[in-house]
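The values are calculated or read from the model by the stated rules, or taken from the named source; none is laboratory data. Predicted model only: the values in this text are computed from it and were never measured. Here Cβ is always computed from backbone atoms with ideal geometry, including for glycine, and neighbour counts include all displayed protein chains. Keep in mind that these areas ignore ligands, DNA and RNA; they rest on the heavy atoms of the full protein, side chains included. Shrake-Rupley method; radii C 1.70, N 1.55, O 1.52, S 1.80 Å.
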Protein chains: 4
Amino acid sequence: GHPLALIAGPCVIESEDIVLKTAEQVKAIADRLDMPLIFKSSYLKDNRSSAESYQGPGLEKGLKILQKVKDTFGIPVLSDIHDAHDAEACAEVLDVIQVPAFLSMQTTLLLAVARTGKVINVKKGQFLAASDMQTAINKITGQGNDRILLTERGTFFGYHNLIVDMRNLKIMRDLGYPVVLDPTHAIRKYGVSSSDPRGGAKEFIFGLTRAGVAAGVDALFIETHPDCDGALCDAASMLPLQKLEELLKQAKAIDELIKPHLPFDETGLYDYKNYSGK
Amino acid sequence: GHPLALIAGPCVIESEDIVLKTAEQVKAIADRLDMPLIFKSSYLKDNRSSAESYQGPGLEKGLKILQKVKDTFGIPVLSDIHDAHDAEACAEVLDVIQVPAFLSMQTTLLLAVARTGKVINVKKGQFLAASDMQTAINKITGQGNDRILLTERGTFFGYHNLIVDMRNLKIMRDLGYPVVLDPTHAIRKYGVSSSDPRGGAKEFIFGLTRAGVAAGVDALFIETHPDCDGALCDAASMLPLQKLEELLKQAKAIDELIKPHLPFDETGLYDYKNYSGK
Amino acid sequence: GHPLALIAGPCVIESEDIVLKTAEQVKAIADRLDMPLIFKSSYLKDNRSSAESYQGPGLEKGLKILQKVKDTFGIPVLSDIHDAHDAEACAEVLDVIQVPAFLSMQTTLLLAVARTGKVINVKKGQFLAASDMQTAINKITGQGNDRILLTERGTFFGYHNLIVDMRNLKIMRDLGYPVVLDPTHAIRKYGVSSSDPRGGAKEFIFGLTRAGVAAGVDALFIETHPDCDGALCDAASMLPLQKLEELLKQAKAIDELIKPHLPFDETGLYDYKNYSGK
Amino acid sequence: GHPLALIAGPCVIESEDIVLKTAEQVKAIADRLDMPLIFKSSYLKDNRSSAESYQGPGLEKGLKILQKVKDTFGIPVLSDIHDAHDAEACAEVLDVIQVPAFLSMQTTLLLAVARTGKVINVKKGQFLAASDMQTAINKITGQGNDRILLTERGTFFGYHNLIVDMRNLKIMRDLGYPVVLDPTHAIRKYGVSSSDPRGGAKEFIFGLTRAGVAAGVDALFIETHPDCDGALCDAASMLPLQKLEELLKQAKAIDELIKPHLPFDETGLYDYKNYSGK
């Protein structure tokens, strides 16, 4: 089977400098652990709790920075997308286009990204059963694109609380696509600003990651930052970059132990090596 | 205080004929009960469970039909909007622009509709606490628009089940804006197609409506259709038009009974009479 | 149809003096509003969050005080029961024996109380669907007793939060038994001591009560105390006795308005008048 | 640190023959894997969905059979208890007395079992936050007994659905006591009889077990039966005994991998070896 893959990077693009610095370090870690890597950082965050919050550099400037990541480090890149009109521009640069959880039912957006032919990572809506992801899959495959990732990032469980239902990993894997676990968003506490330390419960990142890998996933999605305290978005929930390697070591060891026991066919996370360097 | 108002109409615009026929009947009922009326029908449904489902006539054709409703019956009209690029065109015709529940955190959309100066009806996300609607309010008022409605349409309560938390009506009213209850979406069962009769639990519409009005709301949002069995969207959850008057009679009687007891100031639903006929 | 009935009193028996004083006032209110009354106060609270919390006077002493309420005011009385061994002694005095929500699945307890032939009020477990109350009903009717009340007192909705699902009132009524709404327990915030004012959200009692009556119930269950601040149990959630009449006035007015519209046969709350005075 | 321990056996005592046969096989598996073992089977199930369901042999007969397990195999034994009056008799035979989830707030029961001085396994109520288990702990330690186990067996997540919140394992471990994961009850579907195959989702047992062990637990609680189809209780949710060894192999391997990484002090599951044989 394919090895456990990693999607990681800062929540939002803050500057070319921070992005390149983070990408370099994340790549070094992934290389040491022999994990396929997709670098993640968003050019726009459109669902922040305040219009005054930093939203990112925007489409054009953001994609340029992500292109520089590709050129410099030869790794595939991912950003989420909030507007179907952005799809074609995104496809010029991104290797994986991500549909945010809140938008996982939006037909126009799903069709637009599907048509780009790129790998599409759909995050399961916090308001959806895992089996409902079949509707997103159908919209994408209906456009002739079946390179799909499905990401669990927590389900609404009472006000201001997300829960990771480990059953969802199996249910989504049984839909026939690689499954990604995002523990860093699952531990966000909505209703509290992500710049407030109480806005996230980082003490659960390690446990949820280990649990998800043991249940069975194809990749981890970890938002991480070299200086969480100074981060402009999701400071309360990102994993400090200094702890990433330890987390991945534990995860990889569990993955190698249990993957041979898993009944499902290991199609892995596609051949990302081919996307890098473009 | 202002009387209980009504937002009603078919889920989606199927044809000019059906829309005009429904508008005529809904208006006759609202007139008999002396209820302020806003006619609702969507030009596009962008979150249907299948890309093959009927999505509506689209922006241009849909707005023309809604304009005809205004011209013919002199009543204000509402549609939801899924794309910020549609905001200006919507503002040419719509009296109330509605932000769907899934999109209630999308900053770009909220800012775009806010700038039109129109009344904005924001549906509470199924994944949000009522108090979190303050973030949507702030985004809208930050653009100089404070004509806002907040709609409760159910909260995620375990997979494939929405619950109406009656406390939310008070919490949102305490945020300072009129509150609308939408029982017809609250009884939808996700994961089942809305064309399947099992896709909705219509037997609860009367009880939830009475309960919400007794708790205290400013308006009801009722999706209704003259021929639910033949409807192209939400057949399983819309109220048959034939039952609308009986529902509203019960609601209005309760409203008149309890409004004098409510501690909050009755600002009512703005002066919709002024929007009609444009 | 039968008029809306009332089950009311302090959470736990603190002293004969407080019980009699409260019973007198509650009876005066019920008489003025022409509401059938069952006086409620528990001889033992067995699920308090601390073993040091006041638990009540115990079986023997508590029943004596409740007998005095019957003798003095001629009203039927109710207590909950936690131990099947208490059933026979309870039946000597109580007109209604109440099975607590946490114990609503305990077979031994249900069978023991059923055999007394008394009216049994089963509170729906916070962890049960309304339809699951059929299992409690079957256990009781299997003993030849079909005088059953079913009480909604909130359902677990995320940690430390109960929600009142108004649909449950109809579902339980459709099981064929009178349904009671208990708003005073539904607003308890578990995880906070009931002696801490933050342990309850009393601001929702009026709205939930009105909503439930409008949805359709046979009786209200209201824990009330003449001096909530000094109460030894559930201080944070009981309704101040001073507000009871206003609450019931609103409830009764709604009930009279909607009962004629309800499709279900009004069997009412049995003939409690016959139980009083024994 | 202590090795991962195992609590296992059939839900209820059906006959001496089945109990001894199962105990023999479970012991053989535990011995091969070098896992400390506590044999579990209940003398009475008091919360079955029907009064006609098999409830077990009762206190006296059941304890005799469990004593025979101890005498024959030299392993400690566990049963749950539903009635405080049974506590002393239980203490004559049982090494671990288990408080059922529904009863985890019942003061009288907790105090009675605490006073026996036996190890007490408290299952977290499906309606409780993990942190609320502090109240059960306080009731037990207040009697001078601090030999406590805390078991996660699922939390209510919408009607008829339990979810395992992996965060609870850490929260309860941080309360200072060994934590047990019971995946076999977590996958029960309430509202469906446990004799109906649809009453459980056994396909999730392996994944939940691996996930929980990876998150970090001290013991697993696995209800298992040599002939699930013919079992008299929980047929739909017990693990076939034939699959137990494979499950435990996976669990043990993960446990050995991650325990050295866990920040908490490994006090383990007390010295059960000393309880066996009495």
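Label point of C:Glu203 (7 Å along Cα→beta-carbon): distances to the other copies' equivalent points are 3.0, 3.6, 4.6 nm, sorted ascending. The GNM of chain A, with springs linking C-alpha atoms under 10 angstrom apart, assigns the highest mean-square fluctuation among A:Leu20, A:Leu66, A:Leu94 to A:Leu20. Comparing B:Ile258, B:Ile140, B:Ile18 in a Gaussian network model of chain B, where Cα atoms under 10 Å apart are tied by springs, the biggest mean-square fluctuation is seen for B:Ile258.
Rg and Dmax of region A:1-130, based on Cα coordinates, read 14.6, 46 Å.
Among C:Gln98, C:Gln126, C:Gln143, the largest mean-square fluctuation in a Gaussian network model of chain C, built with springs joining Cα atoms closer than 10 Å, belongs to C:Gln143.
In region B:76-109, burial by the other protein chains removes 50 Å² or more of accessible area from B:His85, B:Phe102, B:Met105, B:Gln106, B:Thr107, compared with the chain on its own (1.4 Å probe, ligands and nucleic acids ignored). At 222 nm, what helix-only mean residue ellipticity would the protein assembly as shown give, in deg cm²/dmol to the nearest 500, using -39500 (n - 2.57) for each DSSP H run of four or more? About -10000 deg cm²/dmol. In the protein assembly as shown, the portion of solvent-accessible area held by carbon and sulfur atoms comes to 48 percent [1.4 Å probe, whole percent, DNA, RNA and ligands not counted].
Projecting the alpha carbon convex hull of region D:86-244 along each direction and taking the average yields 9.2 nm². Remark: region B:5-269 carries a charge dipole of roughly 420 debye about the Cα centre, counting +1 on each Lys and Arg Cβ and -1 on each Asp and Glu Cβ. Chains B and A together bury roughly 2800 Å² of accessible surface, counting both sides and using a 1.4 Å probe on protein heavy atoms.
Within region D:14-56, the GluC sites (Glu not before Pro) that combine a DSSP coil assignment with at most 12 other C-beta atoms in a 10 angstrom radius are D:Glu52.
Solvent-accessible surface of region B:90-153, taken per residue with a 1.4 Å probe and all protein chains present: 21 Å². Note: relative contact order over chain D, using C-alpha pairs below 8 Å and six or more positions apart, is 20 percent.
Take each residue of peptide C:130-140, count the partner chain Cβ atoms within 10 Å of its Cβ, and average: the result is 3. Working note: Cα atoms of chain B, range along each principal axis, descending, whole Å: 46, 40, 40.
Positive-end ranking of C:His261, C:Gly117, C:Met133 along the dipole of region C:5-274, with charges on Cβ about the Cα centre, is headed by C:His261.
DSSP bridge analysis restricted to the protein assembly as shown gives an antiparallel fraction near 10%, rounded to the nearest 5.
Sorted from closest to farthest, the other copies place their B:Glu60 label points 2.8, 8.9, 9.0 nm away, with each point set 7 Å from Cα along Cα→Cβ. For the protein assembly as shown, the dipole from Cβ point charges (+1 on Lys and Arg, -1 on Asp and Glu) about the Cα centre works out to 0 debye, to the nearest 20.
Listed by chain and number, the aspartates and glutamates whose alpha-carbon sits under 18 Å from that of D:Lys68, ignoring those within fewer than 8 places in the same chain, are D:Glu14, D:Glu16, D:Asp17, D:Glu24, D:Glu60, D:Asp80, D:Glu92, D:Asp95.
By the Cα gyration tensor, the protein assembly as shown has an equivalent ellipsoid whose semi-axes, rounded to whole angstrom, run 46, 43, 23 from largest to smallest. Shielding by partners for peptide B:167-175, expressed as the average number of C-beta atoms from other protein chains within 10 Å of each residue's C-beta, is 3. Counting Lys and Arg as +1 and Asp and Glu as -1, what is the net charge of the other residues whose Cβ lies under 15 Å from the Cβ of B:Ile163? Neighbour charge sum, excluding B:Ile163 itself: +3. With the charge dipole of region C:5-274 set up from +1 on Lys and Arg Cβ and -1 on Asp and Glu Cβ about the Cα centre, the Cα lying farthest toward the positive end among the listed residues C:Ala28, C:Thr155, C:Gly9 is that of C:Thr155. Summing charges over all other residues whose Cβ lies under 10 Å from the Cβ of A:His82, with Lys and Arg as +1 and Asp and Glu as -1, gives -3.
Region B:191-208 to region A:108-151: how many Å between their Cα centroids? Using only Cα atoms to place each centre, the spacing works out to 26 Å.
Sorted shortest first, the separations between the D:Asp17 label point and its copies elsewhere in the assembly read 6.7, 7.4, 8.0 nm; each point sits 7 Å from Cα along the Cα-to-Cβ line. Checked against a 30 Å cut-off, the cross-linked pairs C:Lys202/D:Lys124; A:Lys189/D:Lys45; A:Lys189/A:Lys252; C:Lys70/D:Lys124 give Cα-Cα distances beyond that limit for A:Lys189/D:Lys45; C:Lys70/D:Lys124.
Summing charges over neighbours of A:Thr107, with a neighbour being any other residue whose Cβ is under 13 Å away from its Cβ, gives +1 when K and R count +1 and D and E count -1.
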